[in-house]
Structures are given as C-alpha cells and as structure tokens.
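Below you'll find the structure, written out as structure tokens, and then a few comments.
None of the figures in this text is laboratory data; all of them are computed from the coordinates on show. Predicted model, so just to flag it, every value in this text is computed and none were measured. Quick reminder, even Gly has a Cβ in these numbers, built from the backbone with ideal geometry, and neighbours come from all protein chains shown.
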Amino acid sequence: MDPGVFMARYIAQRLLLLPLLLFIFSIFAFVIIQAPPGDFLTAYIAELSASGSSMDQAQIEALRRLYGLDQPLHIQYLRWVGRILRGDLGFSLDWQRPNAELISERLLLTVLLGLFTFTFTWALAIPIGILSATRQYSFLDYFFTVFNYIGVATPTFMTALVLMWLAFKYLGISVTGLFSAEYVDAPWSWGRVVDLLKHIWLPAVILGMDGTARLARVMRANLLDELHKPYVEMARAKGLSEWRLVLKYPVRLALNPLVSTIGWYLPLLFSGSVIVATVLNLPTIGPMLLRALTNQDMFLAGAIVLIYCALAILGTLISDILLAWLDPRIRMEGS
Amino acid sequence: MSNDPAPLLVVRDLKTYFFLDEGTVRAVDGVDFAVHPGQVVGIVGESGCGKSVTVKSVMRLVQRPGRLVAGTIRFRPSSQSAQRWPLAPDGTLDLAALDPQGPIMRAIRGGEIALIPQEPMAAFSPVHTIGNQIVEAIRLHQDVDRQTAWEWGVERLAEVGIPSPAQRMRAYSWELSGGLRQRAMIAMALACGPRLLIADEPTTAIDVTTQAQILTLLRALQEQHNMAIIFITHDLGVIAQIADHVVVMYLGRVMEAGPVEEIFLRPQHPYTRALLRSIPSIHTPSRTLLPTIQGSIPHPFNRPAGCPFHPRCGDFVPGLCDRNTPEPVPVSPTQTVSCHLYTGELHGEPIPDRSSPA
Ligand SMILES: Nc1ncnc2c1ncn2[C@@H]1O[C@H](COP(=O)(O)OP(=O)(O)OP(=O)(O)O)[C@@H](O)[C@H]1O
Ligand SMILES: [Mg+2]
C-alpha cells in the first residue's frame, strides 16, 4: 500500500477511537474525584467552622440543591458530561468563577514553562547520551553517569528547595514565582516578558534535571545497542568519517523510539508539574489542580483531569504517527 | 597470475589482539599472505580462527578493545590515487601505519578496498533506502552530483542482476529477499570500482541455489573489472569453485598457502589434510562417517604454545611442536607450509629463509 494512504487510514482509525476513550476516561475521572468522603460543601463547612463561623442547615441544603450535589452520582455525572458536550467546562465552587476562565488564565505560562523545560531537556540530554555512548568508559562517560544518577535519584522538589535556598543565600534573590512583585498582576508588556525570561530558567532547569538525566541514560543505552550493528561497520567500510556515520545511522535509529515519545509530553505541557510548581509557587495549572482536589472542587478538578486525558490520548496518537513516519518498518507492518 | 611481480596487497606478520579484562585474545597472531591484481584468494579455516579479524585489520576497521599490534599491510593504490599519497618508493602504502580514521584510510576504504560483510542481512540501515546508501557510497569517492550518482546506482543494481533496479533503489533492504539483498550489497561494494574486494562469508546465510548464482556473479564481475577478491569461507567446496589461491588459517596463524590445485591435490600441512578429509567427495561411499578432526579448537585465552595445532595433530613431535612456533617455509615455488615437518628443525637443518616465497 502507498505509505501516504496507509498513514491517512491509520490516523483516521485512531481518531475514531478518541470519543470512546474519552467517554471511558471521563467516568474514571468522575469516580476518582468523587471518591473522598463528603463533597465540596462538607469541606467548605469544615473550613468555616475552623475559622469560627458557621452556616445553618437550611442554607447548606439550599446550596447543595443549587449545585446539584443532592442528586445521585450518575445524575451528577450525566449533567456534568452534558454541559461539557455543550462546550461548558462548568463552574468552580471554590473560586466562584467559570472553570474555562481559570484554566485559560494559567494556560499560557504553563505551556511556556513546559516548552522551556522540554527544549532544555532535549538539547542537553541527546548530546550527553551521544557523547557517553561513543566514548563509553571514558572519563566523560563516567562523569555523565554520576551526574545522571544524581539527577534521577534526587527528588525534584528537593532540588527546587535546595536551589531556592542557595539562590536566596548567595545571590540574595527570591526565585519563587515566574515574575518579580511589580509584574505579577501587570498586563503584558515588553518589561514583563523580560522579567519572565529572567525567572523562567530556574524552574525550567529544576523541572528538567530529572528528565534530562533519564533521557540521557536511555539515549546512551539505545545508542550503545546500535553502535555495534553490522550497518555501522558497513558505513565505516564505505569510508564515511566517524562522526558523520554515527550521526546518520546509529543516532538516527537510537533516536527513533525517543522521538516517538514526544507526544507523551503533551499532557505535561498542559498540567505542568504539581509538586515542584507548588513548592516554587508557580502560577501554573498543576497547583490549581492540587487545590481543587484538596477542596473537593469537583468540577474544576474534573475539567482539568478530563483535558489532561484528552491530551494524553492525542499525545499517544502523535507519538504513533511520529514513529510510523520515522521508521519505515512500522509503516510496513501496518499495511 | 600469482607470479605477477607487483602484488596488490602484502600482509606480513600481522598481529591483532583484543585486550579484554579477562585477558588478551590473540585473534590474529602473525599472519602472512599476498594478493595479486585480479587474483581470487580464498581464506579458509574453522569458526573463530581469525579470518574476519584479519580482513578487518587490513581495512583498519578493528575497534576497541581490539588493536593492531604488529605487522605491515603494504597496499598498492591505483595510479590516480597514488599521486596524492605518500607512497614508498615501490609504489605501496603501509596501511598498518596509517591513522584508521584519517583521510587516506577513508579514501581507501570503499574506494580502493571494498567489503561485503559477514552479515549482509543487517549491513544495510533499515531506515534508509538502498538508493540512499548506494548514492552515499558513490559520492564519498567520486565527485558527482546526486542525480548522476543515482543513475550510476541504478546501473550497478542492473549489473548485479537485480530486476527493475530503478524501483529497488527506493526500496528498503528488508523489502528484498536474501539473494537480492546480497546482490544489492555487492552492487554497493562495487560502486566505486575497488581494486580489491573483500567478501567475508558472503554466501553462508543464503540457500544453495542462490549461493551458486552469487558465486558465478562474483567470478564474472571479478573478470570484467579485473578486480582482486579475498574470499572468506569455511566451506572448502566454495573455495574450490572460486579461488585461485588458498590461505588456510588456524587459531590466528596461516598453516598453509598455495594455488588452489596444489592445496587440494598435494596438501602438506597435517591440518589441511585433516580439513580435506572431513569434506565429502563423490568417491566417498554413502552412509560412511566422515572423519572429523580430533579434539576441539582451544579457547582463545589459552592458546597452546608452539604450533597452535599441535594438541590435535597426528604428527605431533613432543619437545618441538609444543615449544617452537613454526614459520612458513616454501615447499614448492608457490606453496608455503608452517609446520615443523618441513622447517628442517626436526632434522637439525637450518630454517630456510622465509622471505624467499611470496
Ligand atoms: N570484538 C571482539 N572482542 C573480543 N574478541 C573478539 C572480537 N572480535 C573477534 N574476537 C575474537 O577473535 C577471534 C577470531 O574471530 P573472527 O571473527 O576473526 O573469527 P572468524 O574466523 O571470522 O570466524 P567465523 O567463521 O565464525 O566468522 C575469536 O576468538 C573471537 O573470539
Ligand atoms: Mg568471520
């Protein structure tokens, strides 16, 4: 079959599956969010009484009816899905604002930070992997191995705390957030962009450390597998120079499975990291999800989780397409 | 032909060792042989005796932990390349002294000496088309544009008998059958008109009929291009079919070398004789057990002292064969043997000058 036709059919098949998968995931998302005992109002009342005030029973019941929390679970689910199908992501009980507004406010910065982290990770990890593999057992290789172990073994929030402390102690700067105080709520301007760039590198480095170490290790292992294959020796026997042949053949084959994982970054770009972003007080979607979950703000949490799932499915599709595009053998198997 | 005064390749005392944590593997331990222009030299020997390492050393393809530790590899490049390179007065170049990654060695690889590797099935990259890889081979050594190189590639594929070559250029190696893939490999190796082709067991992985076709093809191409071939195999039948000259190897050393008729009709070395006895012939009655060589090949770490074959040899002379390594001696103007039965040491005679043959 013509590869183009095959690819088109392959993508169409996968797209047809998308609604079904989303439906299944939406049930899971809803059930999990509902799983803790009580609902938003129980959490809210607990908070009120902790601060000394209270609400009478009639008020509570009225609110419960208003938000539909008095209905059985399946009715609540159907109402929620019904609204989403009409393009309405619902209303946050906690923030008392539409979820779509809350999410879109934080989306730009989340995606920007994600892209920064992603670029940093790949730009560093791939060359490190290549150098380590082609110079296996050299000083450089050992050095990167140690670096990678540290990168993988240190919890990212630890790195975040340590770097924050170091930056504060020795550079005298506070590195939480993505902006200096004067720009936090300012409208976008040239100055705000520059301020963002000044702040974004540190969270990007912290968030990227772990991924860089992992990716470099995988790249090294993949490349070591390829470096002794007969096609590499053949390329050498043709008279190709060492760097050209390494980059054209084994690196290409070692990269294929990695490049195909790029799709999996898509949901991460949307959500960002939860824990590190909370530690660093970043205005991204991750901390908002954490707060929605602790406060049982079910519609906000549900909206975020559902978008996350949709992006995960889409990301996997992108990965599969990339792999089929990069590796002719996959295209062949399919047809 | 073998008396041509100007050999294409003369390998002397070649030693290539692998330095492993467990010890040193002396894979090639003092190999001598020569190849004349247009000659087909067959290297034969049991698995692990160092055939592949020998030819990889010639092409300077041995990778760490392996290293070429001694010897000379004198190669005579074609006249047009010769002008640019620092040749010795006799017109040869010692490949053993060159930087394996350097420009001269890279120009020789693929341009002057081409390889058909032992595993042709995996020797094409699976994610690049055949055409891409052949064009690359051509353009590395010839100053032509992509379009011309592509046309040459199609011609080469046609020359090795691949049907609809223009389509095959766009195919991936795994889309071709074993026989076609092997032909494509030969086409790529011949792309730049090498003076010497090294074929490392090119027919072991394919069926007998295809094998015969490939051998016929190689022989035809060799005559057309007047190219020399080093043909590696452990199949003496194949050697008889294709080779002019035979080099018999055992444990990293050459046991016997000579014209194919002499080796087959008048084998001198006990190892060669044992090898020949172990192949069936039309005179062998059916259902008889073929003799096998007694014992097995020693592990590469504990190579026997003296003649490497002595533990398995029927003519073993205690005190001599297990002490002194025999050097090659001529037993006819064209045939040499490395065995104490011929060195004269057995009878107290001086060892003949080993530089006289070649
Ligand atoms: N990369 C390597 N590392 C360590 N030892 C090696 C390596 N390559 C080859 N050897 C050793 O060198 C010796 C000769 O190997 P070689 O591949 O030349 O054998 P061969 O004659 O080509 O055998 P075959 O017929 O099986 O291809 C073997 O003992 C092998 O173990
Ligand atoms: Mg071999």
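Remarks
- Neighbour counts of other Cβ atoms within 10 Å put A:42, B:54, A:119 in the fewest-to-most order A:119, A:42, B:54.
- Ignoring lysines fewer than eight residues from residue A:198 along the same chain, the ones with Cα atoms less than 23 angstrom from its Cα are A:169.
- Per residue of B:116-129, other chain Cβ atoms within 10 Å of the residue Cβ number 5 on average.
- Listed by Cβ neighbour count within 10 Å, with the fewest neighbours leading, B:339, A:309, B:307 appear as A:309, B:339, B:307.
- Counting beta carbons within 10 Å around each of B:262, B:136, B:151 and listing the fewest first gives the order B:151, B:262, B:136.
- Nearest-20 debye value, the protein assembly as shown charge dipole, Cβ charges on Lys, Arg, Asp, Glu: 320
- In summary, the lysines within cross-link reach of residue B:15, defined as a Cα separation below 25 angstrom excluding same-chain residues under 8 places away, comprise A:229, A:238, B:51, B:56.
- Virtual paramagnetic centre 7 Å along Cα→Cβ of residue A:188, amide N under 11 Å, in the stretch A:259-287: none
- Phi angles of the stretch A:68-81 translate, via the Karplus equation with coefficients 6.51, -1.76, 1.60 and θ = phi - 60°, into HN-Hα couplings of x, 6, 7, 6, x, 4, 5, 5, 4, 4, 4, 4, 4, 5 Hz per residue; Gly and Pro are given as x.
- Zone of residue B:225's modelled label, taken as backbone nitrogen in the stretch B:113-133 under 16 Å from a point 7 Å along Cα→Cβ: B:113-117
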